[in-house]
Amino acid sequence: MARPRLRKLDPAIDLSRHLIAVEALPRPWDPRAVFGREALLEVEIGSGKGLFLRNAAAAHPETDYLGVEIAPAYARHAAAGLAKLGLPNAVVALGDARRLFEEILPAGAAAAIHVYFPDPWWKKRHKKRRLMQEGFVERIERALRPGGVLHYWTDVEEQFRAVVDLMASRTRLEGPIAVPETPAAGDLDYRTHYERRARLHGQTVYRAQWRKR
């Protein structure tokens with residue numbers, strides 16, 4: 001399912017508090033430089049239009065949320081949504097999530113990592129571009145604190161089965177833990193815009209969690 005067009009942003013919205021390049025994140029990692037405090041950290045890989053970040057940050061002001069989005073237009077859109085709501089506990093990092101996990105996030109930094117509807121890269125020769133590869137799932141495991149959880153959702157069954165096998169063979173995370181589907185009636189009942197589109201089109205959404213001991 002192709003990404004929809006985005007509405008033009010109001011140029012008067014100040015994104016400086018909610019948008020930062022991955023390359024500009026502090027090294028070594030310092031949450032105070034990003035959020036102005038130290039708190040539980042959750043990371044979303046592929047924030048899209050930012051629905052999950054907005055809802056999660058508003059519902060859990062005690063937790064900080066770092067979204068990573070590689071598409072500049074979507075990163076700006078997500079950051080604008082956070083700025084409009086004045087949410088100080090959520091920031092969008094523009095860039096490649098692989099760099100964030102390889103170069104910046106220390107071991108045990110994240111209480112949760114969220115991966116919702118990553119690009120399936122349908123063609124066989126393109127599957128090596130998929131996010132959930134051997135080295136990357138090992139970095140996810142490293143970044144999670146004890147008791148931390150990986151949330152993974154997709155509408156592609158083949159990709160879901162591949163990730164389940166990958167997590168079993170390349171990590172020691174406990175799972176997969178099934179996540180039941182809940183009835184959805186409005187925006188607050190969907191984690192992402194992509195989930196809303198998938199479910200409105202009657203597509204099955206495959207959900208699972210993995211927990212670090």
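The values are calculated or read from the model by the stated rules, or taken from the named source; none is laboratory data. Since we're looking at a predicted model, the values are computed, not measured. Cβ placement follows ideal geometry from the backbone for every residue including glycine, while neighbour counts extend to all protein chains displayed. Side chains included, ligands, DNA and RNA excluded: accessible areas come from the protein's heavy atoms. Shrake-Rupley method; radii C 1.70, N 1.55, O 1.52, S 1.80 Å.
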(request) State whether one or more residues within region 100-111 are open to solvent by 40 Å² or more (accessible area, probe 1.4 Å) and either hydrophobic (A, V, I, L, M, F, W, C) or modelled with pLDDT under 90 (or both). (result) yes
(request) Check LEU82 against each of (1) within 22 Å of ALA143 (Cα to Cα); (2) out of contact with any Phe, Trp or Tyr (no Cβ under 7 Å at 6 or more places or on another chain); (3) open to solvent by less than 20 Å² (accessible area, probe 1.4 Å); (4) of a type outside the set (Gly, Ala, Ser) and name the one condition it does not meet. (result) (1)
(message) Quick check on region 29-51. Is at least one of its residues outside any loop (DSSP other than H, G, I, E, B), modelled with pLDDT under 95 and within 17 Å of the chain's Cα centre (by Cα)?
(response) yes
(message) Cβ-Cβ under 6 Å, sequence separation 6+ or interchain: first residue in region 115-132 and at pLDDT 70 or above, partner open to solvent by 90 Å² or more (accessible area, probe 1.4 Å). Which pairs?
(response) none
(message) I need the full set of residues from region 25-53 which are farther than 18 Å from ALA111 by Cβ, charged (D, E, K, R) and surrounded by fewer than 17 Cβ atoms within 10 Å (Cβ to Cβ), in order please.
(response) ARG27
(request) Please work out which one of (1) farther than 22 Å from TYR74 by Cα; (2) of a type in the set (Val, Ile, Thr); (3) under 12 Å from the mean Cα position of the chain (by Cα) is the condition VAL149 fails and give its number. (result) (3)
(request) State whether one or more residues within region 1-12 are closer than 25 Å to GLY148 by Cα and not small (Gly, Ala, Ser). (result) no
(message) The conditions are (1) open to solvent by less than 50 Å² (accessible area, probe 1.4 Å); (2) assigned to a helix (DSSP H, G or I), and PRO118 fails exactly one of them. Which is it?
(response) (2)
(message) Let me confirm something: among ALA56, ALA73, which residue is aliphatic (A, V, I, L, M) and open to solvent by 20 Å² or more (accessible area, probe 1.4 Å)?
(response) ALA73
(message) Looking at VAL22 and the list (1) under 22 Å from PRO120 (Cβ atoms); (2) open to solvent by less than 30 Å² (accessible area, probe 1.4 Å), which single condition is not satisfied?
(response) (1)
(request) Test ASP64 against the stated conditions and say whether it is part of a strand (DSSP E or B) and touching a residue at least 24 places away in the same chain (Cβ under 8 Å). (result) yes
